[in-house]
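Notes follow once the structure below has been shown.
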Amino acid sequence: MIKLTKKPKPGVLVENEVEWTAILLSKNATGEQPTATEKSRYRHPEIKSTLLQETFGKCAYCESKLEHITYGDVEHISPKTTEPEAIFQWDNLTLACDVCNTNKGSKFPGRVGLVDPYNHDPEHHFHIHGPLLFAVPGDNDARYTEITLDLNRAALLERRKEKIKYLRDMVEAVASASDRLRPRLIEVLKLETAPDQEFSAVAKSYLAAYL
């Protein structure tokens, strides 16, 4: 998990958020079932495109590249089931892989107990040891987030191990490279810690001793 910053609200939300929310809340109040379209307007292409930019095309929680594993779900940071009034609020929307989204479900109402990558710096809440991500001892919110989202599930560990193996091989290549080639290889290594790279937090932790 890495720190994320919200981009400006998409125009389609600027123009329609109030109306879309009013329709849903009105129907909820009268017991009328909203249509599928009325309930899913947060999936509008302009909204999802902006979310892809601000999350660097990754799950906001586990840093998996969405194009590699899934198209990604528009995720409500505070659950839409407990806060229907926030279903179209821009600061409540992000992207998550289907596993993190399913694991999170309707938990963390009001974001209570959640390490939210927009409002928290994950570096202050998690330690990374090789492919493993651990809550800082005594940080109950981080521990609950780690367990609930299963941030050390087998599939993630396997892909993080592959990342570390690649980085290890690159470090070896740097060590044996000529003086002329070494600076270029170091620049390639630095790119692996950029926020648009899959598991960049793991890469940053692993390479801290070398860069």
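The values are calculated or read from the model by the stated rules, or taken from the named source; none is laboratory data. Predicted, not measured: the structure shown is a model, and the values here were computed from it. In this analysis, Cβ positions are derived from the backbone assuming ideal geometry, glycine residues included, and neighbour counts consider all displayed protein chains. Each accessible area value is taken on the protein alone, full model and side chains, heavy atoms only, with ligands, DNA and RNA left out. Shrake-Rupley method; radii C 1.70, N 1.55, O 1.52, S 1.80 Å.
In the list Lys3, Lys27, Lys65, which residue meets the criterion of being closer than 18 Å to Gln197 by Cα and at pLDDT below 95?
Lys65
Are there any pairs, at least 6 apart or on different chains, whose C-beta atoms fall under 6 Å, with the first in the stretch 75-93 and on the phi < 0 side of the Ramachandran plot and the second outside any loop (DSSP other than H, G, I, E, B) and of a type in the set (Phe, Trp, Tyr), and if so, which?
Partner pairs satisfying both residue conditions: Phe88/Trp20; Phe88/Tyr42.
Helices (runs of 4 or more DSSP H) wholly in the stretch 1-89 with at least 2 residues that are buried (at least 16 other Cβ atoms within 10 Å of the Cβ) and of a type outside the set (A, V, I, L, M, F, W, C) - which ones?
Qualifying helices (runs of 4 or more DSSP H): 11-30, 45-54.
Within the stretch 90-105, which residues are surrounded by fewer than 18 Cβ atoms within 10 Å (Cβ to Cβ) and within 15 Å of Thr145 (Cα to Cα)?
Thr102, Gly105
Are any residues in the stretch 106-130 among the charged types (D, E, K, R), open to solvent by 40 Å² or more (accessible area, probe 1.4 Å) and either assigned to a loop (DSSP other than H, G, I, E, B) or at pLDDT below 95 (or both), and if so, which ones?
Lys107, Arg111, Asp121
Quick check on the stretch 191-201. Is at least one of its residues in contact with a strand residue (DSSP E or B) (Cβ under 7 Å, 6 or more places away or on another chain) and not aromatic (Phe, Trp, Tyr)?
There is at least one residue in the stretch 191-201 that is in contact with a strand residue (DSSP E or B) (Cβ under 7 Å, 6 or more places away or on another chain) and not aromatic (Phe, Trp, Tyr).
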